[in-house]
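Beneath this line is the structure, given in C-alpha cells, with notes to follow.
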Amino acid sequence: MKGAGMLLLTAVLLLSATAVTANTNNITVKQTATKADHTASVKGVVWDNDLTYENLLACQNDPTYGELGTDADDFVLSATTDVSFVYWIGGYWNGDPGNFDWQITFYADDGSGTRPGTIIWGPVIFPAATCDQQFIEQQGATYFFSYGAVIDPPVLCYANVKYWISWQAQGAYPPQSGIAGHSLVTLHEEKFKSTYFGYPDWVDASAVFGEPYDLAYQLLPYDLPVHCDAGGPYAGTLIAPVQFNGSAYGGVEPYSWAWDFGDGGTATGQYPTHSYVAPGVFTVTLTVTDAIANTSTDTALATITGPKIDIGAMTGGFGVTAVITNNGTVNATDLRWKFTLTGGLILLGKTKSGTLTSLAVGDQATIQDSLIIGFGKTFIKVEVTCAEGASAIQAKTGIVILFYLIGIK
C-alpha cells in the first residue's frame, strides 16, 4: 500500500508539472483590436468578404505546439471564374511581428452549406517572400498587415456554387499569427479548427470565440490586370534619405517602376531612396508598367519635417539688410549667413558673414552687411544655411554711391 501511495503521489506531481508547463506560454485563441477599415486599391475583385478588421483569430502551425489554428470561410461567385489571386489581412501578437509563410487551401462545400468538404486545390505553402506582406498599422502590441498570393494554376469556381478557402501561417511561437476577423458575416460564419485548443475538426467561430465572425479577404480573377501599391505613408527629416517600397502583381512580368516624389525628384526601381530639401507633405506617385505596356498608378504621402529658411525683403541704405524667417516645422540651429557683392567698384564690404545660434519655428532674424563703400551697379547675393540642411539664396541688384546703397530690385 505504501508503494502504491508513492506511485500515486508521483503521478499527481508529474501531471501537475505537465499542467504548469502547458500554461507557461501566453498563447491565446483570439486577439481583440479596435475595429478599423482597410481600403485596398485592388481592382477586378470577384468576391469581397469586406476588409474590416476587429480582431486576429489564431491561424498558425507551430513546430512545437502544432496546429494553433486553421481558419476557413465560404464564398459564392456570381459568374464562373478562374480565381488566381487572394488578398487578405492578418498579423501578429504575443511578440514582435514575424514574416511567416502561409498555407492556402480551396475546398468544395460538403453539401450542408456550413463546412468545407473535399479539397479542390492545395494545400500550397506560399513562402513569405511571395506573400507581399505590407504593414497597415500597430495597435499597442498587435500588428496588422495585408497579404497577397498568386494562385497558380488558378482555381476554377463555377457560378452560384459554394466553395471554401482556408489559411494557416507557418512559423514558430512567439509571435502568434492570426487572420483578421470581423462581425460582418456573409453567407455562413467562418470555420475554425485547432488541435492545440481542442478542436480537431471544423467548428463554427461562435463556438470558439463566443460570437460569429467572418474573415477579411478578397478574391480576384485569372485575367488580373497589373496592380501596384506605392506603400507608405512615409515620414522623414530634411536631407536624410527616405526608403520607398513598391509592390505589384497581376499583368505580365517583368515590371518597370517609375517614381515621382512630389518635389520634382524621380527614380526607377522597386525600392528607391530619396532625400527632400524642404519640409512639407508630398504626394508620391508610383507607376508600374508590365511587359505588355499595361500600367498601374498608386499614390502615397511622404511627410518631411525640418526647418524652412525664407529670405524676405532686402533693403539698402547704409549697407544692405535682409530678414530671414523659419517657416518650417523644426527649429533651425547653427545658422550661417553670407552677403556677397560682385560688379561695380566695391572698395569695402564685398563679403560679410555671420552666424545665428538658432531660429525657432515662425521666428525672424535680421542680418546685415553694415559697411559698404564703392561706386556703380552691383549684384547682391545673400545665402543662409543651417545644421539641419535647409538653405536659401536670394539675389538682387543695387547701386552703390560711395557708402550708400540704393535701387535694390
* Normalising by the residue count of region 227-305, find the relative contact order in percent from Cα pairs under 8 Å and 6+ residues apart. => 41
* Asked: Can you list the aspartates and glutamates whose alpha carbon is less than 16 Å from that of Lys191, not counting same-chain residues fewer than 8 positions off?
  -> Glu67, Asp71, Asp73, Asp74, Asp109, Asp110, Asp201, Asp204, Glu211, Asp214
* Just rank Phe261, Phe144, fewest to most, by other beta-carbon atoms within 10 angstrom. => Phe261, Phe144
* To do: Only Cα pairs under 8 Å and at least 6 apart count here; give the relative contact order of region 309-406 as a rounded whole percent.
  => 33
* Using bins 10 angstrom wide from zero, how does P(r) for region 74-157 break down, in % of all Cα pairs? -> 15, 39, 30, 14, 1
* Asked: Is it possible to state the helix-based mean residue ellipticity at 222 nm for the chain, with each DSSP H run of 4+ residues giving -39500 (n - 2.57), the sum divided by total residues, to the nearest 500 deg cm²/dmol? What is it?
  -> -2000 deg cm²/dmol
* Where does helix 2-22 land angle-wise versus the long Cα axis of the chain, in degrees 0 to 90, nearest 10? -> 40
* **the chain, dipole about Cα centre (Lys/Arg Cβ +1, Asp/Glu Cβ -1), debye to the nearest 20** => 2300
* Find how many whole Å separate the alpha carbon centroid of region 352-409 from the alpha carbon centroid of region 50-116. => 65
* With the dipole of region 82-163 worked out from charges on the C-beta (+1 for Lys and Arg, -1 for Asp and Glu) around the Cα centre, which of Ile104, Phe144, Gly117 lies farthest toward the positive end? -> Gly117
* Structure fact -> One would report the Cα pair-distance distribution of the chain, bin width 10 Å, in %, as 4, 17, 20, 16, 12, 10, 9, 7, 4, 1, 0, 0, 0
* Fewest first, what order do Tyr213, Tyr163 take by the number of other Cβ atoms within 10 Å? -> Tyr163, Tyr213
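Values quoted throughout were computed directly from the atomic coordinates according to the rules given, and no laboratory measurement underlies them. Since we're looking at a predicted model, the values are computed, not measured. So basically every Cβ, Gly included, is an ideal-geometry build from the backbone, and we count neighbours across all protein chains shown.
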